[in-house]
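**Q** I am attaching a structure below and will ask some questions about it afterwards.
The values are calculated or read from the model by the stated rules, or taken from the named source; none is laboratory data. Note that the structure is a prediction, hence the values are computed from the model and not measured. Glycine gets a Cβ as well: all are built from the backbone with ideal geometry, and neighbour counts include every protein chain shown. Heavy atoms of the whole protein, side chains included, go into the accessibility calculation; ligands, DNA and RNA do not. Shrake-Rupley method; radii C 1.70, N 1.55, O 1.52, S 1.80 Å.
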Amino acid sequence: MKRALLFVLIASLVFTGLFAQGTKEAAAVKGDKEIVILVKSMGNGFFDAVFKGSQEAAGEIGGIKTTYMGPPQATAEGQIEIIETLIAQRVDGIAISANDSDALIPVTKKAMAAGIKVISFDSGINVGGRIVDLLPSNAELIGRQQIQLAAELTNYTGDIAVLSASAQATNQNLWIDWMKQEIKDAKYSKMKLVEVVYGDDAPDKSYREAVSLMQKYPNLKAIICPTTVGLLATAQAVKDAGKTGVVEVTGLGLPSEMKGYILDGTCRQMALWNPIDLGYTSTYILNALIDGTNNGAVGDVIPAGRMNSVKVEKDGLIYMSTPYVFNKDNIEQFAAIF
Ligand code: RAM
């Protein structure tokens, strides 16, 4: 009985191995390009929407297999491990939303040396560790707008705090630097940024950090969360604490996740760009790099389907559009899309 079971097990392993090899070869014959959308961490609705965009572009372009991957927690180590595996698998391209702007460079350099096209999007890798970096919008504009949104909600008065993603996140750190610049302006002289805390894009940690902020600063007037995960958790924490309308909540939020909190007044306004477009454009860029129709040099214009085209600027940066601002008047319309 036991022997029979062992045989079945071995046979199925052999079969799976052959089968896996077969599909891989079949893909190679067909000439499918294999690309991976490597995100900060799994279980984040923002990145689910990014991948939807990648699938949409892959469907339009044809001959591309796109796969969605990410570590369980938003760490550079987790992403490095995945990239090592992808090098061994010889995928054709990887688009990475990085958990650290520098820590990934050695492994992405290794990937590029092996012929894999590597780009970063959303949260960048520094020059040398990727071909281009696709930014949702200008970092200065995003950062300054976050302070403006909070100021409008608090009548330009009182203590505010920032609840961010991870302490190493490239994108949030850039935005926070610009927030600190913006708040120096005389028109915010009655506002004070008391602390920046990190929820690591984990809902439970973000929730706990939001609760701690409210306890530590009884006069807190607003929490700015430049992360969709942090914003959702903070809105929950503020509402559970009965502080809706006392502690204003704003930041960067996914309309589909935040709709209820926008409508009930917990978060009266927030901003974001379209994550679907980010994944869609990343896929068009990777396709052009893999095809060799473009090498991502400064000044290059890369065709991007329904987004028309994107232009490579200094340091390999590519900027998309300006963020939308959501409030109770437009939230339902956007919540239906992303
Ligand atoms: C979270 C992630 C992502 C960021 C958005 C706004 O989903 O941290 O990197 O761009 O928020």
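**Q** Grab the beta carbon distance between Glu152 and Val298, set R0 = 35 Å, and tell me the FRET efficiency rounded to 0.05. Each step should come with its number before you reach the end.
**A** Numbers: r = 37 Å, r/R0 = 1.06.
Computed FRET efficiency for Glu152 and Val298 comes out at 0.40.
**Q** Here is a follow-up. On the Cα set of the chain, report Rg and Dmax in Å, please.
**A** Using the Cα atoms of the chain, the pair Rg, Dmax is 21.9, 81 Å.
**Q** Right, another one. Taking amide H atoms as placed 1.01 Å from N in the peptide plane, list the residues 5 or more away in sequence, or in a different chain, whose amide H sits under 5 Å from that of Glu248.
**A** Sorted by chain and number, the residues that satisfy this are Ala222, Ile223.
**Q** What nm distance separates the two modelled labels at Asp315 and Gln215, each placed 7 Å from Cα along Cα→Cβ?
**A** Spacing of the two 7 Å Cα→Cβ label points: 3.9 nm.
**Q** Then there's this: Considering the dipole of the chain built from charges on the beta carbon (Lys and Arg +1, Asp and Glu -1) around the Cα centre, which of Gln146, Ser164, Val301 is farthest to its positive end?
**A** Result: Ser164.
**Q** In addition: What whole-number distance in Å separates the alpha-carbon centres of segment 121-199 and segment 292-338?
**A** 20 Å
**Q** Considering amide H positions built from the backbone, and no H for Pro or chain starts, which residues 5 or more places from Met191, or on another chain, come under 5 Å of its amide H?
**A** For Met191, the qualifying residues are Gly158.
**Q** Per the 1.4 Å probe, what fraction of the accessible area of segment 139-272, in percent, lies on carbon and sulfur atoms? Walk me through the numbers on the way to the answer.
**A** Working: 2550 of 5220 Å².
The C+S portion of the solvent-accessible surface of segment 139-272 is 49 percent.
**Q** Pull up the DSSP beta bridges for the chain and report the antiparallel fraction as a percent, rounded to 5. All intermediate terms of the calculation are to be shown ahead of the outcome.
**A** Values: 6 of 41 bridges.
DSSP beta bridges in the chain are roughly 15 percent antiparallel.
**Q** For helix 228-240, report the angle its Cα long axis makes with the longest principal axis of the Cα atoms of the chain; keep it between 0 and 90° and round to the nearest 10°.
**A** Roughly 40 degrees between the two axes.
**Q** Quick one: 3J(HN,Hα) in Hz for segment 132-139, Karplus 6.51/-1.76/1.60 with θ = phi - 60°, rounded, Gly and Pro as x.
**A** 9, 10, 8, 9, x, 6, 5, 4
**Q** Can you list the residues, at least 5 places off or on another chain, whose amide H is less than 5 Å from the amide H of Val118, using H built in the peptide plane?
**A** Ile94, Ile131
**Q** Going by average Cβ neighbours within 10 Å, how do the peptides 75-85, 306-316 rank, with the highest at the top? Provide the component values of the computation, followed by the final result.
**A** Working: 75-85: 17.2, 306-316: 14.5.
Listed from highest to lowest mean packing, they are 75-85, 306-316.
**Q** Here is a further query. To the nearest 20 debye, what charge dipole does segment 139-272 have about its Cα centre, counting +1 at the Cβ of each Lys and Arg and -1 at the Cβ of each Asp and Glu? Walk me through the intermediate numbers first.
**A** On the way: 14 positive and 15 negative charges, 75 e Å.
Roughly 360 debye for segment 139-272.
**Q** In square angstrom, what is the accessible area per residue of the chain with a 1.4 angstrom probe? Please list the in-between numbers first.
**A** Values: 15110 Å² over 338 residues.
Per residue, the chain has an accessible area of 45 Å².
**Q** From the phi angles alone, apply the Karplus equation (6.51, -1.76, 1.60; θ = phi - 60°) to segment 262-276 and give each ³J(HN,Hα) in whole Hz, x where the residue is Gly or Pro.
**A** 6, 5, 8, x, 5, 10, 7, 7, 7, 10, 4, 10, 8, x, 4
**Q** With +1 on each Lys and Arg Cβ and -1 on each Asp and Glu Cβ, and nothing else charged, work out how big the dipole of the chain is about its Cα centre, in Debye to the nearest 20. Don't jump to the answer; show the numbers that get you there.
**A** Details: 31 positive and 36 negative charges, 73 e Å.
Charge dipole, the chain, about its Cα centre: 360 debye, nearest 20.
**Q** Bin all alpha-carbon pair distances of segment 139-272 at 10 Å intervals from 0 and give each bin's fraction as a whole percent.
**A** Per 10 Å bin, starting at zero, the Cα-Cα P(r) for segment 139-272 comes out as 14, 51, 32, 2 percent.
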